[in-house]
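For reference, the structure discussed in these notes is given below.
The values are calculated or read from the model by the stated rules, or taken from the named source; none is laboratory data. Note that the coordinates shown come from a computational prediction; the quantities given were computed from them, not determined experimentally. Note that we place each Cβ from the backbone using ideal geometry, even for glycine, and neighbour counts take in every protein chain shown. Side chains included, ligands, DNA and RNA excluded: accessible areas come from the protein's heavy atoms. Shrake-Rupley method; radii C 1.70, N 1.55, O 1.52, S 1.80 Å.
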2 protein chains.
Amino acid sequence: MRPKNLEKEATLRTMALQIIAEEGLENLSMQKLAKAANVSPRTIYIKYENKEDLLIKLFIEEVLGNYEKAVLQNFNSDMDFAEGVQCLWQNAFAYLTNNRPHFALMQYGNSSPLLNKAFQQANIQQGDFFAPIHQFLEKQKAQGCIHHLPFDAQRAMLFSPLISLVSEYFDYATRDRQIITPDVLMACCNILIKGMLK
Amino acid sequence: MRPKNLEKEATLRTMALQIIAEEGLENLSMQKLAKAANVSPRTIYIKYENKEDLLIKLFIEEVLGNYEKAVLQNFNSDMDFAEGVQCLWQNAFAYLTNNRPHFALMQYGNSSPLLNKAFQQANIQQGDFFAPIHQFLEKQKAQGCIHHLPFDAQRAMLFSPLISLVSEYFDYATRDRQIITPDVLMACCNILIKGMLK
DNA sequence: TATAAGTAAATGAACGTTTATTTATATTTG
DNA sequence: CAAATATAAATAAACGTTCATTTACTTATA
């Protein structure tokens, strides 16, 4: 039996993310992807059921999966609040700024109904995508360190500014001076921490 | 001369936003839009140069334009910090939760390269999309009320959690119980205010 | 060790459909 | 009539997907 060329699948995923980042999800076609990955269009259908399947796997496995791993490095739910949040922010910022294509598809998770639905289903199936963060916040709440809020509101407060700052970071990446420096990042992080602590 | 049927253009914009909200930007086609608006495809091309032109005008004029108007109601840059931010948050939340299709396209501004570019150009051309907010923040900084940060970072901190909460609001709208209540909204708003004030 | 059978991987060309856009024509009003 | 709006029908190009076939490698047999 002819052995699977694992490089081909990796190239497919890399090129798909690249095209999405540069031209947008709406301009990713199967034939364009095939050409970019130096592969026959038919080959994509050996590895993925159809376009939807490809996009969902890209989003869930390649983007969210790696993001979660990166964000949780050196993090544990026993850290104190400031320490924990700073760790998460630094991990996420480093990962996202170094992986622009992943970030680009991640942003589509907030707009594309297809990816949005896929995310919610993945979230339900796996219990929690970011279980350690959930635990961390619950513990902080139980200890009376932070104000009581629904988990999803807590998450929105903690992470959406970070995502927005990464977006600004890329906007400024092409200009003469970067304004989203590590100092600015940590200043923003500390503003949040101060606001959330009782 | 035959008069323009203004209702047709309004219907076109409404239906375009509706399709985008329900099926995604990637599933809006000119023929689908024409059928939904009960109009010949050619008619769209009398009112818009091409698809890009339609999308950009939808985004800039219909979505961002109305959003700006709604957000700035009863706001003025002399308000004190807490009062001003609460006013902006309440305006934005009310407008967005009552205009889901507008919100849906707005979210694509963070992902689609086409809309992203259009936004940046509009921002440059018009000087500032949200000039009163800029003034407000500058005044607060000058008075030493809030920490010094680049404007774009300040804006990310102030508004991205709000957008994220609106997103959560819609996610929960179909479930049995809404968790993003006015109380939760204001609690989040106050967390930010507390964090940003010196 | 040589070779033929077996098999999944991979392909190029094609399918029918849908896309954005245009041509030629009809309709509506000053 | 003149002039603009609106249309139905048509266009080539691009779309997602499939067909029939070839390629490349493993394994079983002589």
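Here is a yes/no grid of residues against (1) within 14 Å of chain B (Cβ to nearest Cβ); (2) open to solvent by less than 40 Å² (accessible area, probe 1.4 Å); (3) more than 8 Å from DNA strand C (Cβ to nearest atom):
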| residue | (1), (2), (3) |
| --- | --- |
| A:K4 | no, no, no |
| A:R13 | no, yes, yes |
| A:E26 | yes, no, yes |
| A:S40 | no, no, no |
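Screening B:M106 against (1) buried (at least 20 other Cβ atoms within 10 Å of the Cβ); (2) more than 14 Å from chain A (Cβ to nearest Cβ) leaves a single unmet condition, (2).
Put simply, of A:D183, A:D152, A:D128, A:D171 the only residue that is away from chain B (no Cβ under 12 Å) and of a type in the set (D, E) is A:D128. Looking across A:A34, A:A92, A:A70, one residue alone is at negative phi and within 14 Å of DNA strand C (Cβ to nearest atom). It is A:A34.
Could you tell me whether B:Q107 is more than 16 Å from DNA strand C (Cβ to nearest atom), under 21 Å from A:L114 (Cα atoms) and modelled with pLDDT of 95 or more? Yes. Only one entry in A:L88, A:L72, A:L54, A:L96 is surrounded by 16 or more Cβ atoms within 10 Å (Cβ to Cβ) and not assigned by TED's automatic domain parsing to the domain that holds A:Q154, namely A:L54. Scanning region B:135-179 for residues that are among the hydrophobic types (A, V, I, L, M, F, W, C) and open to solvent by 50 Å² or more (accessible area, probe 1.4 Å) yields B:A142, B:A173.
Restricting attention to region B:57-67, the residues being open to solvent by 40 Å² or more (accessible area, probe 1.4 Å) and within 11 Å of the chain's Cα centre (by Cα) number 3.
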